[in-house]
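Enquirer: Got a structure for you, questions after.
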Amino acid sequence: MMRFGLIGDPLGHSFSPRLHAAYGTADYELRPVTAEALPAFFRERAFEGVNVTIPHKLAVIPFLDELHPSAEECGAVNTVVNRGGKLTGYNTDLFGMHFALAHAGISLAGRHVVILGSGGTSHTARALARREGAASVTVVSRRGEFNYSNVSELTGTEIVINTTPVGMFPHADASPVDLSVFPRLKGVFDAVFNPLRTRFVQQALSLGVPAGSGLLMLAAQAKAASIIFRGDGYSEPSPDSPDGREILCAWSSLLKDLTNIVLIGMPSSGKTTVGTILAERLGRPLIDTDAETERRTGKTVPELFAEGGEENFRREERLTVSECARETGVVIATGGGAPMFPENRAALAGNGFVVLLLRDTEKLDTAGRPLSRDLDTLIKMQRVRMPVYKAFADAEAANDDTPAACAGTILEKFYENFGHQRS
């Protein structure tokens, strides 16, 4: 008999066991359950409590004995408890979404809200909009009155919530809509959390619009479910309560461990050397994009330039960056030119904390570098690249002392980014 766990189809990798362990539920397992097997699973009732994910959030309802008001409000279930053979369905996603929106400083009250998608999470978003007193709620779906071909007509939109899987790895270069069509936009939320910052969220932030994503929603709903599992009933902790602080701590810890440290900077600024030190101190893999491109193609960087010029090298580099950016919890040392291309910046920002390494121009080496053959060329290159680097970076670190000192500075800034999660 399974005590606690998560059912869905497919499940793949899930952060739920780690989150529930952080909340005190260590005996939590992943149990793939197909649609065909769903009736037998609930007929047997061989569990104490389960979370329910795609595609079962609506399908489980007929198998339950009662629905808690949270599930009735949403019309969907993501948590089921078995009390003496009686199955009760709850929805903690509603609380999780509200918690994540509030943390991002986004309120739905009095706002014109557009919800992308019509599945189970869309039901949650609609329920939250009703509860919060949104001025209007419009659901955009592929075949609805408002769809992705005419969404630009909703010019009064103030909040957009994405409940579709568009933009999720392995299709992270996609975005459900172009946010620039909404001139009155005040907030964006994306239920997707892989990558950590989707293209959708990145665009919102680039427009100066507050944005939240699904990882904090996941952490918050898991806490509410764990409270139900231990028999304390349904509750919605505030961020400043002990349970709320526990949510933020678990989320921040998970986010820190998943976030890549991405090093950018001029050629020979020390990205690989500093990256090696960071990788050793953190116990993380190091990925050097130039070395990875050479490994993948079987040719050196100078050979790639000689074979087809810079265009040939950049094409191979883009493929490398796209693959590396899918990783989590690694250190990435980029080639000097990689961040100059928007598609590379977007890919690296998805899971990355980007650090610009600064080094005195006189200390930069030009030997054996196809694009920086001498100091004058390097200075001209620096004038072009530095504004792009600075706009892209989350932090900067000088590398004029020792690489170890530079790595220490980066770690300080990295941990500061996650508040109390310094270590």
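Enquirer: Among the hydroxyl-bearing types (S, T, Y), buried (at least 24 other Cβ atoms within 10 Å of the Cβ) and under 17 Å from V188 (Cβ atoms), is that true of T124?
Expert: Yes, satisfied.
Enquirer: What is the number of the single condition among (1) free of Cβ contacts under 8 Å to residues at least 60 places away in the same chain; (2) open to solvent by less than 60 Å² (accessible area, probe 1.4 Å); (3) among the small types (G, A, S) that S268 does not meet?
Expert: Of the numbered conditions (1) free of Cβ contacts under 8 Å to residues at least 60 places away in the same chain; (2) open to solvent by less than 60 Å² (accessible area, probe 1.4 Å); (3) among the small types (G, A, S), the odd one out for S268 is (1).
Enquirer: Here is a further query. Could you list, in sequence order, the residues of region 2-47 that are among the charged types (D, E, K, R), open to solvent by 70 Å² or more (accessible area, probe 1.4 Å) and under 30 Å from R245 (Cβ atoms)?
Expert: Of everything in region 2-47, those that are among the charged types (D, E, K, R), open to solvent by 70 Å² or more (accessible area, probe 1.4 Å) and under 30 Å from R245 (Cβ atoms) turn out to be R3, R18, E29.
Enquirer: Here is a further query. Only one residue in S118, S107, S152 is open to solvent by 50 Å² or more (accessible area, probe 1.4 Å) and in contact with a Leu (Cβ under 8 Å, 6 or more places away or on another chain). Which one?
Expert: Details: S118 fails: in contact with a Leu (Cβ under 8 Å, 6 or more places away or on another chain); S152 fails: in contact with a Leu (Cβ under 8 Å, 6 or more places away or on another chain).
Of S118, S107, S152, the one residue that is open to solvent by 50 Å² or more (accessible area, probe 1.4 Å) and in contact with a Leu (Cβ under 8 Å, 6 or more places away or on another chain) is S107.
Enquirer: Also, quick follow-up: Against the definition (farther than 22 Å from A59 by Cα, of a type in the set (G, A, S) and open to solvent by 10 Å² or more (accessible area, probe 1.4 Å)), how does A100 come out, yes or no?
Expert: Numbers: farther than 22 Å from A59 by Cα: yes; of a type in the set (G, A, S): yes; open to solvent by 10 Å² or more (accessible area, probe 1.4 Å): no.
Against the criterion (farther than 22 Å from A59 by Cα, of a type in the set (G, A, S) and open to solvent by 10 Å² or more (accessible area, probe 1.4 Å)), A100 does not qualify.
Enquirer: Scan region 225-242 for residues that are in a helix (DSSP H, G or I) and touching a strand residue (DSSP E or B) at 6+ places or on another chain (Cβ under 8 Å) and jot them down.
Expert: A225, I228, F229 - these are the residues of region 225-242 that are in a helix (DSSP H, G or I) and touching a strand residue (DSSP E or B) at 6+ places or on another chain (Cβ under 8 Å).
Enquirer: For region 165-217, how many residues are part of a strand (DSSP E or B) and surrounded by 22 or more Cβ atoms within 10 Å (Cβ to Cβ)?
Expert: Going through region 165-217 one residue at a time, the tally reaches 6.
Enquirer: Taking region 275-307, which residues are over 19 Å from N417 (Cα atoms) and of a type in the set (A, V, I, L, M, F, W, C)?
Expert: If the condition is that a residue be over 19 Å from N417 (Cα atoms) and of a type in the set (A, V, I, L, M, F, W, C), then I277, L286, I287, A291, V301, L304, F305, A306 are the ones that fit.
Enquirer: While we're here: Considering only residues of region 49-68 that are modelled with pLDDT of 95 or more and open to solvent by 70 Å² or more (accessible area, probe 1.4 Å), which is nearest to A224 (Cα to Cα)?
Expert: E66
The values are calculated or read from the model by the stated rules, or taken from the named source; none is laboratory data. Being a predicted model, the structure only gives us computed values, none of them experimental. Neighbour counts are summed over all protein chains in view; Cβ atoms, including those assigned to glycine, are modelled from backbone coordinates with ideal geometry. Surface accessibility is based on the protein's heavy atoms, side chains included, excluding ligands, DNA and RNA. Shrake-Rupley method; radii C 1.70, N 1.55, O 1.52, S 1.80 Å.
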